[in-house]
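Written below as structure tokens is the structure these notes are about.
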Amino acid sequence: MLDCGSVIPELEREEDLIAAAKHIARALGSKKNLTDDTKKILADLSTQLSNITTVGESKVETPSEIEGQLNVIQEKIMSWETDQSMIWDSGLDEATQYLNAAEEARKLAERLGTLSLNKDDGEKELLMRAHDILQIAMARLEEEFKCMLVQNRQPFEPEHVSFRSSEEDATDIGSVISLGDGSVEESINRDSISRTSEEFIIDLVSPEVISHLRNIANLMFISNYGHECSQAYIGVRRDALDECLFILEMEKLSIEDVLKLEWGSLNSKIKRWVRTMKIFVSVYLASEKWLTEQIFGGLGTVNLVCFAEASKASMMQLLNFGEAVSIGPHKPEKLFPILDMYEILADLLQDIDSLYSDEAGFCVRTDCREVLRRLGDSARAAFLEFENAIATNVSSNPFAGGGIHHLTRYVMNYINTLTDYHETLNFLLKDHDGEDPISLSPGSSPRTEEENTSGSTFDASPMALHFRSVASILECNLDDKAKLYRDPSLQHIFLMNNIHYMAQKVKNSELRHIFGDDWIRKRNWKFQQHAMNYERATWSSVLSLLKDEGNSNSDSVSKTLLKERFRSFYLAFEEVYRTQTAWLIPDAELRADLQISTSVKVIQAYRTFVGRQTNHISDKHIKYGADDLQNYLLDLFTGSQRSLHNPHRR
């Protein structure tokens, strides 16, 4: 059955054509002279009519007819060879005419190559002419294609991309302190890096010219000039990608250049790399992929190949930097920047796989995974070096005042900051190649005392095991540092301060979930034991001077002996005051607790002794009242040495 809907429009179009042809014929009949433009239009019309066959008939063209068509096409193509302006700048009509002429040249060359005619010299010459004209047209279209890509490139403004990075404001742990350094910060901030898998597509080339670029590409590919078109696109877009990295301030550095960088400069470049990777992959490359799909989307896998080839060099530049960082020295201060690099690359891996999903992108996918593996190995090595640095940190002199050692602050802040990377660290620190990473920790056992306690519950993740191992190594190191003090009392103050700091740092941070309450309780017990041991070491001998010997009411207790005992007590107290006012307990609550505990024992003993001897000695031999001593005890552990010869007045 005939489809009336398809027949009627066809008839209507034919009637319109007949009417238009009659009108043209009448107009020509009344014209004796024609302008050049009119002749050109009629020549184009003649070319089109020669290519149309009568319904139901096969059109057989003679070489002379084909030559006539070729002459018209050649005139159109060659008219632009002497014109230095861009065809598409002359308007859409002119560009369309040129594309049509190039398309006709392609068709003529194709027909000449397949005509079932005996190929005489004339026909061969026509075929060669057709190919020459087509080649000229394709070369011109290639130039137009490149020029259109360059002139219509959209400016890239990364400051308008809303990825948060506190590169300028973040305090880097490695830039603040090295192991044993005195300039420690109490808090260590980590870069805030937004990590999402979203892609943000922006227009890299003006949308108005996309259809023109696509038309040129389609014609060049169907004319067997696809390679030239692809190379033109790749060259222009590769330069654009290089410019993007330049805007993002990513220098082209060789591995040797990176290895020569000072730590401060390298750390700054790592921060910039982390930010650049996020923007470059999620925004720029995603947009670049979309651009190739818009232009080459109908040409099979051409868009994938063009994208991969255009972006490969830029991706290699970024990956080479990552590789260079991974093979540098595995210093503890590098761990945080390397973890940032590892995490951003791991987060982007799925996007990279999607962008380079075909065979052309295989090398990029492979190199990304290799760099990721190397960064992971480097991070793991830096963490193990951190453990080793704690174990081997040796002091030749005691820490002044018995306060919180810089090593203690550094280690506890270090591992507290590492909790932000718990998922990554748990992956990196787990068994690799059958080797238990904990066994690599110097001076540590895979299981600490908390883990060996029956019935104890604790976080058994790789990171938690390592953190507890680090804490054990630190405590052993602190024990060695305490031995540098000649005064046993100061040894206990030092250990009390540092173990208390460790316990409080764990209790008041995310470390609590890793170490557990049982660990905290044991460290609380430890520092309290050191506080008690301090009191014994300092005050037992002093307070022994206040003990009664025999009956305090007996005449056998001579006044001379009482005077000597008072004098000895005051001398001992003054020496403690002079010495221990220079000692330091930084934590105000801990300091107050020890001062109160000491005061209770000392003042009670003093008041009891003085009260029993009031009948045997005059007031002039009592140098200090109980309230005076109590006030003086509050001066202890403030880190500012004083003397009772010039006591502090309230």
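The values are calculated or read from the model by the stated rules, or taken from the named source; none is laboratory data. Only a predicted model underlies this, so the values are computations on that prediction, with no experimental measurement involved. Virtual Cβ from ideal backbone geometry, glycine too; neighbours counted across all protein chains shown. Ligands, DNA and RNA are stripped out before the accessible areas are found, and what is left, the full protein with its side chains, is counted by its heavy atoms. Shrake-Rupley method; radii C 1.70, N 1.55, O 1.52, S 1.80 Å.
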Highest mean first, what order results for 302-314, 344-356 on Cβ atoms within 10 Å?
302-314, 344-356
Percent accessible area from carbon and sulfur atoms, the stretch 265-391, protein chains only, probe 1.4 Å:
51
Pop a pseudo-label 7 angstrom from the Cα along the beta-carbon direction at both I210 and E564 and give the gap in nm to one decimal.
10.5
What is the distance in Å between the Cα centres of the stretch 472-550 and the stretch 276-348?
52
Would you mind putting 395-402, 274-281 in packing order, based on average other-beta-carbon counts within 10 Å, highest first?
274-281, 395-402
Straight-distance crosslink candidates among lysines, where the alpha carbon sits under 24 Å from K623 and sequence neighbours closer than 8 are dropped:
K547, K559, K563, K601
Could you order the peptides 130-137, 15-22, 601-608 from most to least packed, using the average number of other C-beta atoms within 10 Å per residue?
130-137, 601-608, 15-22
Excluding ligands, DNA and RNA, the carbon-plus-sulfur percentage of the accessible area of the stretch 581-643 with a 1.4 Å probe reads 47
Other residues with Cβ under 13 Å from the Cβ of E323 give, with Lys and Arg +1 and Asp and Glu -1, a net charge of -2
For Q528 and D16, extending 7 Å from Cα along the Cα-Cβ vector and measuring point to point gives, in nm, a value of 9.9
Enumerate the amide H contacts of V205 below 5 Å, restricted to partners 5 or more residues apart or on another chain; note that Pro and chain-start residues carry no placed amide H.
Q154
What FRET efficiency do you get for D518 and Q604 if R0 is 35 Å and r is their Cβ-Cβ distance, rounded to the nearest 0.05?
0.50
